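The values are calculated or read from the model by the stated rules, or taken from the named source; none is laboratory data. For clarity, every value in this text was computed on a predicted model and none was experimentally measured. Virtual Cβ from ideal backbone geometry, glycine too; neighbours counted across all protein chains shown.
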Amino acid sequence: MIALTTPYLWYTTRATGLVALILFTAVVSLGTLVANRIGGTTVGRFEINELHRSLSMVAVVFLVIHIVTTILDSYVSTGILSAFIPMTSAYKRLAVAFGAVAFDLILAVWISSLLKLRIKNSSWRFIHWFSWIAVSTAIVHGYLSGTDARKGIGLAVVVACTAVTLAAAVWRFFGRPTRAAGRTALSPLAQSVASVSTTPSPQRSGTSRPSTQRPTNKPFASSQRPNTKRGR
Amino acid sequence: MQRNALPRLMHAASTRPLSLVQHEEVFATTQRPASLIDELDASGLTGRGGAGFPTAIKARLIREQRGHKFVVVNAMEGEPASHKDQTMLSTHPQLVLDGAEYLAAIIGAKDVAVCVARDNPTIVNHMERAIHERSRRSLRGPKLELHTPPWRYVAGEESALVHWLDDNESLPQFRVSRPHVLRIGHAPVLVDNAETCANVGLIGRFGAEWYRGLGTSKSPGSALVSVTGAVRHPIVLEVSLGTPLREILASAEADTNPQAVLLGGYGGSWLAGEHLDLGYCNEELGLHGVVTGAGVIVVLPRNACGVVETWRVVRWMANESARQCGPCAFGLPALGEDLKHLSTASRDPLGAFKRLEERLGEIDGRGACRHPDGVVRFVRSALSVFEHDFNNHAHAHACAASRATTHYASVPHLEREEELVWE
Amino acid sequence: MGVRRRSGSFILQVNPILCDGFGHCGELAPELVTMDEWGYPIITAEPTPYNDARVHESARYAERGCPRQALRIRRVSD
């Protein structure tokens, strides 16, 4: 491999790493906005979704530059292998390992999204959950390995990204919307609940000819109900 | 057996199911047809589960498929007002299995799955015994298996049933286009109702010509009907297709001068009492937009309120939605809500009436299965049959009958009210 | 982008089980999709010719933009 000794590569690595961290945080937050169905009046929901998708492309570009410059740079001895496989780097073994994990997960999420129309929606969504782990490990990676992450702007960025990701995660996992959350006001569901009252039906017994088999009552098997799709 | 006499399906029926030996005596084969599928074609048998699709066409569709195949006997009996499948299985389980084996031979299936709701242990018992008897007699023929999904209205829908066999979830599946070949894993599945299978059993034993000895030319054969409502006892009768409805009601000892009858089940339609001279078959009932469906007749007497009965059924059907599709999960409770405003004294019945009519058009045809469509058809038929009542209710003149405590369209108890709520 | 001329027509088809009423399709393809009162799409049943490039493009946007991938463009043979 060509060993390049110019300091600009190292600067590029640091800068693109910082930008990629900010971008991925933004992508995850935008994804949360989509999942929680924000928008619709002034900003279209689809616009947030489009922004989420295009920004993720930009973030991946920055990530690739970040990784390529790291590999090319001779100041740190990190090979192409350690970009994918954790704990193989000589330089800051643990910190780079976090980065490798994040990169692998981001790669999985990215490829599955490119194949979105060809794979099952449930698989795509399952893979997409891993973006939370990816962005968390990316933040840890940034803090552990970042030359600038311990003071000044670098620290501010890491702290801000952590805060935003945490807030988004709390919103996503604890403020889970019901189906069609944007329309609950119009939903008849709230009133329907009260409308159901049990009325005895007198017609449920008797005989059926020619057998004297009693038509059996068909109660709900409460423990054996088929799973209905629940909210998410 | 005679060519044109009833009973056929209920021939030699007693309080106990016939054993295999008795069964072979009672239904002694007269002619073994050369080609079962041609015989099935010639018989003109249509499915008795509700859709009324020609059985032979369905069988041919699956026969063209390759690989391992399944025959599924659907005896789930989702309709609360229907008792025909449990009557069939508690009198002639072997005839149903006969039909299933014939169908398996036609399509080349090695497995037969009989599906009975586990909430009905008597029938499960009968079926277990019948299958055991067969396996003791010979090991040839398809492998028979009993499956007992939990009972729900939509669990009897064919794609939900196949989903259960495939993945233990009684949820209907989305079909891009119809007809659609349902599959367990990769194996194509032929799903037929228990009564259809019993009819196939008869055709396999006595031939198509014999089979056409009863019924009309377009709907040959006989069918089981469950008569409930204003009737002395809920009863299951075997009728020759094309029999006038009035005659059926008379032999069921039901009210022969009713306000209306509900035909086809809770996804079916109301038919006004004036049309009782129509024959019980799809070509005559079809003129009024009614189908025989799952063989249900609910008799509604003159002193009952059609609006209230419709509301009760819709409320229950809304609760039975699998809640997979938005239009069904939200739309059906909304219909129930509108009907509630109409049937009980409320502030704005006229608004509810208008909203109801709008919503019917919105929901129609937008679910993965036919459950919402059935409810829409049911409510639409109610709107035309009980037009006068609906108008009165809409203008806040609820009839006296709507305050009665007796109801005729029976629905199981809504035991768990929280069913309507989910996260 | 050149103008592609294709014969035949298509319909936009929704899988109602996957659909969760996100409402993106109504914003992306208002020519084909209206919303019901619960936020679920009502899609026009009439086939649209592929020649109608503008509608076809919004249908493709809707297909790709659906967060549940519940939409598919299906060719109608006629």
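Set side by side, the residues B:Ile248, B:Ile235 differ, and just one is without any contact (Cβ under 8 Å) to a residue 40 or more places away in the chain and within 19 Å of the chain's Cα centre (by Cα), which is B:Ile235. Does B:Phe353 satisfy the condition of being surrounded by 22 or more Cβ atoms within 10 Å (Cβ to Cβ) and more than 18 Å from B:Arg175 (Cα to Cα)? For B:Phe353, the condition - surrounded by 22 or more Cβ atoms within 10 Å (Cβ to Cβ) and more than 18 Å from B:Arg175 (Cα to Cα) - is not met. Based on this model, can you work out whether B:Phe206 counts as over 21 Å from the mean Cα position of the chain (by Cα) and either aromatic (Phe, Trp, Tyr) or surrounded by 24 or more Cβ atoms within 10 Å (Cβ to Cβ) (or both)? So B:Phe206 fits the description; yes. Here A:Tyr75 passes the criteria (1) touching a residue at least 12 places away in the same chain (Cβ under 8 Å); (2) part of a helix (DSSP H, G or I) except the one numbered (2). Of the helices (runs of 4 or more DSSP H) lying entirely inside the range B:101-220, the ones with 1 or more residues being in contact with a Pro (Cβ under 9 Å, 6 or more places away or on another chain) and among the β-branched types (Val, Ile, Thr) are found at B:121-137, B:194-211.
Give me the residue from the range A:82-111 that is more than 19 Å from A:Ile139 (Cβ to Cβ) and over 26 Å from the mean Cα position of the chain (by Cα) and, out of that set, surrounded by the fewest Cβ atoms within 10 Å (Cβ to Cβ). Checking each candidate, the answer is A:Ala90.
Against the condition farther than 30 Å from C:Pro67 by Cα, surrounded by 17 or more Cβ atoms within 10 Å (Cβ to Cβ) and either in contact (Cβ under 8 Å) with a residue 40 or more places away in the chain or more than 14 Å from every other protein chain (Cβ to nearest Cβ) (or both), how does A:Ser145 come out, does it pass?
When the stated conditions are applied, A:Ser145 passes them.
Taking the criterion of being assigned by TED's automatic domain parsing to the domain that holds B:Thr87 and over 25 Å from B:Ala322 (Cα atoms), would at least one residue in the range B:162-176 satisfy it?
No.
Quick check, is B:Ser402 assigned to a loop (DSSP other than H, G, I, E, B) and more than 10 Å from chain A (Cβ to nearest Cβ)? No: the conditions fail for B:Ser402.
Looking at C:Ala45, C:Ala53, C:Ala29, which one is more than 14 Å from every other protein chain (Cβ to nearest Cβ) and either among the hydrophobic types (A, V, I, L, M, F, W, C) or crowded, with 21+ Cβ neighbours inside 10 Å (or both)? On inspection, the qualifying residue turns out to be C:Ala53.
Given the structure, is A:Ala102 in a helix (DSSP H, G or I) and among the hydrophobic types (A, V, I, L, M, F, W, C)? Taking the combined requirement at face value, the residue satisfies it.
Picking from A:Val58, A:Val34, A:Val27, which residue would you name as being in contact (Cβ under 8 Å) with a residue 24 or more places away in the chain and crowded, with 17+ Cβ neighbours inside 10 Å?
A:Val27
Restricting attention to strands (runs of 3 or more DSSP E) lying wholly within the range C:1-74, give those where 2 or more residues are touching a Gly at 6+ places or on another chain (Cβ under 8 Å). So the answer is C:33-35. Being under 22 Å from B:Gly108 (Cα atoms) and away from every other protein chain (no Cβ under 14 Å) holds for only one residue in B:Ala223, B:Ala208, and it is B:Ala208. On the basis of being part of a loop (DSSP other than H, G, I, E, B) and either touching a Cys at 6+ places or on another chain (Cβ under 7 Å) or in contact (Cβ under 8 Å) with a residue 24 or more places away in the chain (or both), does B:Ser346 make the cut? The answer is no for B:Ser346.
The single condition among (1) out of contact with any Lys or Arg (no Cβ under 7 Å at 6 or more places or on another chain); (2) within 14 Å of chain C (Cβ to nearest Cβ); (3) surrounded by fewer than 24 Cβ atoms within 10 Å (Cβ to Cβ) that B:Arg323 does not satisfy is (1). Just so you know, in the range A:114-142 the residues that are farther than 17 Å from A:Ser29 by Cα and among the small types (Gly, Ala, Ser) include one that is surrounded by the most Cβ atoms within 10 Å (Cβ to Cβ), and it is A:Gly142. Scanning the range C:60-78 for residues that are touching a strand residue (DSSP E or B) at 6+ places or on another chain (Cβ under 7 Å) and either of a type in the set (Asp, Glu) or touching a residue at least 60 places away in the same chain (Cβ under 8 Å) (or both) gives C:Glu63, C:Arg72, C:Ile73, C:Arg74, C:Arg75, C:Val76, C:Asp78.
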